[in-house]
Amino acid sequence: MVIGYIRISTTDQNTARQEVLMKELGVEQIFIDRMSGKNTERPELKRMMSFVREGDTVIVESISRFARNTRDLLSLVEELVAKRVEFISEKEAIDTATPTGKFMLTVFGAVAELEREYTLQRQKEGIAIAKENGIYKGRKPIERDNFASVVSLWKQEKITAVEAMRRLDMKPSTFYRKVKYIGYTNT
């Protein structure tokens, strides 16, 4: 079976271009993730990796749509190879069924990772300049009107930390960071 994997980074982006390519390549099953490719914790990628079987071919538009760093790329391809699944990256003309394709995969993976690092570096430099000019203020802090009262209940052991987080709609890291910052403790 010919299987396609599509990834876009944001909901503002469109999958149409990649979907047209997959149709042209005769892809029978498509998996689409709408999230960053910074790691392999992507639901549709995981579904696809579980779905593939010996003799299948996985096609991606480009390496950058599949993995953002060489380690993840090589790990994913190694997993596919172990299942006897072929991997093709259309943009880079990489086909793991050939020795040259395997070599080029490693080279292009390293280049994709370097490109990503350069992008992050430019982003950090841009933010630093914006901060110097007073333009960039960063992410607004999460404020909850009932924070003090909920933390007070937690501190008095009338509710659990889990219940406090639920009432405040906060993740554990945010909750404990804010509690620590304000100076509350539950000891």
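Descriptive notes on the structure:
- Nearest-0.05 FRET efficiency for residue 28 and residue 117, computed from C-beta distance (R0 30 Å): 0.25
- Simple label model, 7 Å out from Cα along Cβ direction - residue 173 to residue 137, nm: 2.4
- Sum of -39500 (n - 2.57) over DSSP H runs of 4+, divided by residues of the chain (222 nm, nearest 500): -16000 deg cm²/dmol
- Under a Gaussian network description of the chain, with springs only between Cα atoms under 10 Å, the residue in 108, 147, 66 that fluctuates furthest is 147.
- Taking segment 2-114 and dividing mean pair separation by its residue count, relative contact order in percent (alpha carbons under 8 Å, at least six apart): 25
- Cβ-based charge dipole, the chain, positive-most Cα from 170, 110, 148: 148
- Most fluctuating residue given options 159, 32, 127, as computed from a GNM of the chain linking Cα atoms under 10 Å: 159
- Sparsely packed trypsin sites (Lys or Arg not before Pro) within segment 1-54, loop by DSSP, other Cβ within 10 Å at most 13: 53
- Unit charges on C-beta of K, R, D, E only; dipole of segment 51-187, Debye: 1020
- Placing pseudo-labels 7 Å out from each Cα toward the beta carbon at residue 46 and residue 144 gives an inter-label distance of 2.6 nm.
- Between the entries [x] 13.8; [y] 15.1; [z] 12.3, the label attached to mean projected area of the Cα convex hull in nm² calculated for this structure is [y].
- Calculated FRET efficiency for the pair residue 14/residue 130, C-beta based, R₀ 22 Å, to 0.05: 0.20
Values in this text are rule-based calculations from the coordinates and carry no lab data. Because the structure is predicted, anything quoted here is derived from the model rather than measured. We place every Cβ from the backbone using ideal geometry, glycine too, and count neighbours over all the protein chains shown.
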